[in-house]
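See structure below.
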Amino acid sequence: MTGDEPIEGSESGEPLPDGGTAGADDVALDPWGSSTVSDYRKLFEEFGIEEFEEVLPEVPDPHYLMRRGVIFGHRDYRPVAEAMREGESAAVLSGFMPTGDPHIGHKLVFDEIIWHQRQGVDAYALIADLEAHAARGLSWEEIDEHARNYLLSLLALGFDPDEGELYRQSENREVQDLAFELGIEANFSELGSIYGFDGETDVSHMQSVVTQMADILYPQLDEPKPTVIPVGPDQDPHVRLARDLASRMRYFGVTEAYASFEATADESAVIAEAYEAREAYADDPGTPRCAEAAEWLRGEGGARFEVPDDERTVERAAEKLENAGMEPLRPRTRFLNRRADEDAFEALIEAVDGEKRVFEAHVDAFDLDREAAEELAREVEVEHGGYGFLPPSSIYHRFMTGLTGGKMSSSIPASHISLLDDPEAGYEKVKAATTGGRETAEKQRELGGRADECPVYELYAYLLAGDDDEFAKRVYDECVGGDRLCGDCKEQAARLMEEFLADHQEKREEVAELLEDADIELESSRAR
Ligand code: TRP
Ligand code: SF4
């Protein structure tokens, strides 16, 4: 599974701002392989990642990586944005596998954590040492050395260890206990189909997956709160599984329903349409009857569902409605008892205000909207010893293109810049980088450069221009307008990189003491 060690998951080719053409090549999201994400649009279409641009207006004082589209996608980021706007509690967490030196790709994630922390969000950063040991085979000694380097850079960039929390997986008993509980909800075939695990996969590698699930939910152990996980899109399978497990751990589910019987989500959608159309068939549209809706679905109403698969759903819905006979069709909010004990279920029933009907494994509430019901279910669950997890959210950043073109890879030193590179070495790497320039200066003046395909431009946009949007835009405009030539452009970028590295490394020294005082074990008790 572990090919050439990818930096940041990895990337083949330039991430075009428009996402390229859908259908071009396959997107594989593999957290441990060198997955290729050459087509960001597919991530939206196939995996249901949402476009970050759409939530951007809801984000208070967005980070430049958000403004510039480097953070391009998200899952369910709205609750986090809302909590930041309202000053309510929220968390940010990400993890780092200490497999090598921290590099400028990791800096994106460090910056994302730090930015959220400065917005008042509880910040967590963890060292994924169990994963590095199990999935990558690193020794504890190597892990300790790399872990320290990650942490120094995180602190140097501004993470506040007094406000936030740092931990390593191997030393966090709560995380390991939670991992064990979550593991009860996941089985081998599921991990197999998500990650391609097979009979040869180490048990500890699988354990590192449930550990990551526990990492992601760890900030909610105190109390349920919106939590964002900033990562590269290669980590999306982990995020999806964590969202699933979070809901599987819940005592109660909340759905909308129209009659006392249970229906699947698909059937419910059909029944909802029948309810909306009640004027068309009910003797008394104030009290439409289930049997009337059944008849309508089998006749005139059924015509609106054309796909054969829909037809079967329509027939199943009609059958259930028919069996319910004269029962009125009436919208309600339903609490399903998934795994609550008797006490908790009783308490929930008690807590539902207004008209309600109690069934063996569900309660229907007639005077509660869905949101209020979700909140109530969570409250009762937490009071009765449940976790009440909210599904974790995520944000995804683009991978940087390697300086030598192609993907940025830690096995090709010239392709990336380590945060520990000598400033002069950083300068040289930028000077030697591939560009989106034309063959001759003359052509460049005439046609303009291809900033969208230029790793040097990426350096400006992702890092060197910092918060200065105008500067980033000027570089872009001058480049594509033919007013900027690659030699000078690289010289400027190389100088800025040199300064950045010198400054960063100075700060690393300054925070060394801060790290010693921080509440994290720097030497593994397992090291031999
Ligand atoms: N699997 C991540 C990586 O390969 C590291 C990681 C472990 C992580 N736990 C996490 C990332 C929790 C985000 C959230 O880099
Ligand atoms: Fe890249 Fe700069 Fe050349 Fe434009 S001018 S192609 S941004 S190096």
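Computed in the context of the full set of protein chains, the accessible area of the range 417-528 at 1.4 Å probe radius has 43% of its extent on carbon or sulfur.
Could you look at the range 253-383 and say what percent of its accessible area is carbon and sulfur, using a 1.4 Å probe and all protein chains? Whole-percent figure for carbon plus sulfur exposure: 44.
Expressed as a fraction of 2.2 N^0.38 Å, the C-alpha radius of gyration for the chain is 1.12. Computed over protein heavy atoms with a 1.4 Å probe, the carbon and sulfur contribution to the accessible area of the range 75-123 reaches 36%.
Distant-in-sequence amide contacts of Val92, defined by a placed amide H-H separation under 5 Å and a gap of 5 or more residues or a different chain, comprise Asp122, Ala123, Tyr124, Val228. Over the residues of the chain, the helix contribution to mean residue ellipticity at 222 nm works out to -13500 deg cm²/dmol, using -39500 (n - 2.57) for each DSSP H run of at least 4. The phi torsions of the range 470-477, fed into the Karplus equation with coefficients 6.51, -1.76 and 1.60 and a -60° offset, translate into couplings of 4, 4, 4, 5, 5, 4, 4, 4 Hz, rounded to whole numbers, with Gly and Pro shown as x. For the range 411-528, the alpha-carbon radius of gyration amounts to 1.36 times the rule-of-thumb value 2.2 N^0.38 Å expected for a compact globular protein. What percent antiparallel are the DSSP beta bridges of the chain, to the nearest 5? Expressed as a percentage, antiparallel bridges in the chain total about 60. Measuring between their Cα centroids, the range 417-464 and the range 84-145 lie 28 Å from each other. Using the Karplus relation 6.51 cos²θ - 1.76 cosθ + 1.60 with θ = phi - 60°, the per-residue 3J(HN,Hα) values for the range 448-464 come to x, x, 9, 4, 5, 10, 10, x, 5, 4, 4, 4, 4, 5, 8, 9, 5 Hz, with x marking Gly and Pro.
For the set Glu506, Glu350, the ranking by accessible area, highest first and with no ligand, DNA or RNA atoms included, is Glu350, Glu506 under a 1.4 Å probe. Calculated accessible area for the range 407-517 comes out at 50 Å² per residue, all protein chains present (probe 1.4 Å; ligands, DNA, RNA ignored).
Shown in residue order for the range 81-96 are the 3J(HN,Hα) couplings computed by the Karplus curve 6.51 cos²θ - 1.76 cosθ + 1.60 at θ = phi - 60°: 4, 5, 4, 5, 5, 8, x, 8, 6, 7, 9, 10, 8, 9, x, 10 Hz (x for Gly and Pro).
Cross-link pairs exceeding 20 Å in C-alpha to C-alpha distance, out of Lys107/Lys507; Lys42/Lys473; Lys429/Lys507, comprise Lys42/Lys473; Lys429/Lys507.
Peptides 314-321, 452-459, 436-443, 138-145: what's the order by average Cβ count within 10 Å, highest mean first? Working shown, then result.
On the way: 314-321: 21.2, 452-459: 23.5, 436-443: 14.4, 138-145: 17.8.
For the peptides 314-321, 452-459, 436-443, 138-145, the packing ranking is 452-459, 314-321, 138-145, 436-443.
Could you order Lys407, Lys507 by accessible surface area, starting with the largest, using a probe radius of 1.4 Å? Before the final figure, lay out the partial values.
Values: Lys407 50, Lys507 80 Å².
The most accessible residue leads, giving Lys507, Lys407.
Sparsely packed loop sites in the range 63-158 (the trypsin sites (Lys or Arg not before Pro) outside DSSP H, G, I, E and B with at most 14 other Cβ atoms within 10 Å) do not occur.
Within 10 Å, count the other beta carbons around each residue, average over each peptide in 204-211, 473-480, and list them highest first. Each step should come with its number before you reach the end.
Values: 204-211: 21.4, 473-480: 18.4.
My ranking of the peptides, most packed first, is 204-211, 473-480.
Could you give the length gained on full extension between Glu499 and Glu523, defined as 0.36 nm per residue of separation minus the Cα-Cα distance, in nm? Display every interim value, and only then the final one.
Numbers: separation 24, 0.36 × 24 = 8.64 nm, distance 3.15 nm.
Stretched out fully, the Glu499 to Glu523 stretch lengthens by 5.5 nm.
The mean accessible area for residues of the range 253-383, using a 1.4 Å probe and ignoring ligands and nucleic acids, is 55 Å² per residue.
The values are calculated or read from the model by the stated rules, or taken from the named source; none is laboratory data. Predicted model only: the values in this text are computed from it and were never measured. Because the Cβ atoms are built from the backbone with ideal geometry, glycine has one as well, and the counts that use them run over all protein chains shown. Accessible surface areas use protein heavy atoms only, side chains included; no ligands, DNA or RNA. Shrake-Rupley method; radii C 1.70, N 1.55, O 1.52, S 1.80 Å.
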